[in-house]
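I have placed the structure first, in the form of structure tokens, so that the comments after it can refer back to it.
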Amino acid sequence: MKLILKCTSSEFSPDDIEWALVNLNASLLERALARRRIFLQSQAQDAQLYDMFFWDNTPDFFSLYPDPDTDHPRDEDESLEDTLRDHTGQPIEWAENDLYRMSDETAIPDAYLSAVECTRMRVDADGIAWTGYPKHLDADVITSTIPWGLLEGERLFALPQPDC
């Protein structure tokens, strides 16, 4: 399953990164759930633990502002759904607040991708999210959170667990 997550930034970014595409495959799901176990075990030892960060370059960060050399300007009234439907030919399904469920064939055109470095997965009591820094900038970009309920619901994609 692919998800598009809304991005926010505490500072103005000339790249105006708005969204991140995450492929929630079995490998990512198992990695997230393993990190949740680490978080919960650590939180049981120290109740002041709020979140943990792990290096993780999973998301493709992007903006829907067109490349002036290759794309036509986006109409002011055109929504994320309209723009992505036009590029992918697939409808968007609303999954949660600030999350869109996409077809597995969805790919973001290269003209819209943004270079982000030092990307980390944040694990907390609510779910997982990512923080990254647009290349050559000091501002950070933070994705919306994928809640644990959604991740647990997708466990059917997970790798088989050995019986203990």
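The values are calculated or read from the model by the stated rules, or taken from the named source; none is laboratory data. Not measured: the values here are computed from a predicted model. Positions of Cβ are generated from backbone atoms using ideal geometry, with glycine treated the same way; all protein chains shown enter the neighbour counts. Note: areas computed on protein heavy atoms with side chains; ligands, DNA, RNA excluded. Shrake-Rupley method; radii C 1.70, N 1.55, O 1.52, S 1.80 Å.
Taking into account only those residues within the range 1-53 that are part of a loop (DSSP other than H, G, I, E, B) and without any contact (Cβ under 8 Å) to a residue 12 or more places away in the chain, which is most open to solvent (accessible area, probe 1.4 Å)?
The qualifying residue most open to solvent (accessible area, probe 1.4 Å) is Gln48.
Which of the following residues is modelled with pLDDT of 75 or more and crowded, with 19+ Cβ neighbours inside 10 Å: Ile142, Ile128?
None of the other options fit; the residue is Ile128.
Conditions (1) modelled with pLDDT of 90 or more; (2) aromatic (Phe, Trp, Tyr); (3) out of contact with any Lys or Arg (no Cβ under 8 Å at 6 or more places or on another chain), marked per residue:
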site: Leu5; (1), (2), (3): yes, no, yes
site: Asn25; (1), (2), (3): yes, no, yes
site: Ile38; (1), (2), (3): yes, no, yes
site: Phe53; (1), (2), (3): yes, yes, no
site: Phe62; (1), (2), (3): no, yes, yes
site: Pro68; (1), (2), (3): no, no, yes
